[in-house]
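Encoded as structure tokens, the structure appears first; notes follow it.
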Amino acid sequence: MIRSAGSGQTLRAEQTRAAIVEAALQLFGENGYEAATMRAIAQRAGVSTGNPYYYFRSKEELIQEFYLRNYAEHLAASRPVLNSQSDLAPRLRGTLRALIDVLSPHHAFAATFYKNAAEPSSPLSPFSRESSPARDASIALYREVVDGSSARIDGELRAQLPELLWLYSLGIVLFWVHDTSPGCAKTYRLIDATVPLADRLVALSRLPVLRRTMREVIAIIREIRS
């Protein structure tokens, strides 16, 4: 197929953008997030010094691109289990394992990077306004985990469960950041051990004796997130 000049320019722009992101991730892994400058990123990507600023106004915007790219990879990696399983537990376990699979190549710089992301006022925080596109997309993935399952779930919990599962996934990621076991085996074991508990709590939430407690928990989370 013959490309028009316009489509060729778009392709080159996409390739340049991808090269800049990849160079940034390499340098973050080698030198840490703070030490990697936009000038060094440009040099590693093989573009002019000012070129990264054409696509990204700052390193923070580069990280937002990283978040979105991770989400796209996570969604693709989760698709086989979402297409083949109907029970909630295997859908959730497969999705969380896929998340760690996708993140694993970036484990080298995870500790220094997440130190910045843990700052409440940082735009790198998963709770920040700047992170809302990636956050909303990730919550939508957990909504698919829930809505595509055969689990019978209390209506009020069903509405909040995707965000609760996203918060759960952040806890898994935090554990992974500090996991020094070979192949991050402890993180995978943590997922396998806690998913059945989460599945059991979801099932028990329909019981009248626990429904009120669950709704109190949901109210607390709503208040914190408001």
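The values are calculated or read from the model by the stated rules, or taken from the named source; none is laboratory data. The shown structure was predicted, so the numbers you read here are calculated from the model rather than taken from an experiment. Every residue, glycine as well, gets a Cβ built from its backbone with ideal geometry; the counts of neighbours run over all protein chains shown. When the accessible area is computed, the model is the full protein with side chains, heavy atoms only, and any ligands, DNA or RNA have been set aside. Shrake-Rupley method; radii C 1.70, N 1.55, O 1.52, S 1.80 Å.
Summary of values
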{"item": "Distance from region 32-61 to region 142-207 (C-alpha centre basis), Å", "result": "36 Å"}
{"item": "Solvent-accessible area per residue, Å², over region 66-160 with all protein chains present [probe radius 1.4 Å]", "result": "46 Å²"}
{"item": "Under 15 Å, Cβ to Cβ, from residue 48 - net charge with Lys/Arg +1 and Asp/Glu -1", "result": "+4"}
{"item": "Most positive-pole-ward Cα, 150, 214, 127, against dipole of region 81-226 from beta carbon charges", "result": "214"}
{"item": "Computed over region 69-191, Kirkwood Rh from alpha-carbon pairs, angstrom", "result": "15.1 Å"}
{"item": "Residue-wise HN-Hα coupling along region 29-40, computed from phi with Karplus coefficients 6.51, -1.76, 1.60 (Hz; x: Gly, Pro)", "result": "x, 7, 10, x, 5, 5, 7, 7, 8, 5, 5, 5"}
{"item": "Contact order relative to length of the chain, as percent, for alpha carbon pairs under 8 angstrom and 6 or more apart", "result": "17 percent"}
{"item": "For the chain, size of Cβ-based charge dipole, Lys and Arg +1, Asp and Glu -1, in debye", "result": "280 debye"}
{"item": "Accessible-area composition of the chain, carbon plus sulfur, in percent [1.4 Å probe]", "result": "56 percent"}
{"item": "Alpha-carbon Rg/Rh ratio, for region 163-225, with Rh computed the Kirkwood way", "result": "1.08"}
{"item": "Using θ = phi - 60° and Karplus 6.51 cos²θ - 1.76 cosθ + 1.60, couplings along region 94-111 (whole Hz; Gly, Pro as x)", "result": "x, 5, 5, 5, 5, 4, 5, 4, 5, 6, 3, x, 9, 5, 4, 9, 4, 5"}
{"item": "From the C-alpha gyration tensor of the chain, square roots of 5λ in Å", "result": "36, 20, 17"}
{"item": "Helical contribution to [θ] at 222 nm, DSSP H n ≥ 4, -39,500 (n - 2.57), averaged over the chain, rounded to 500", "result": "-25000 deg cm²/dmol"}
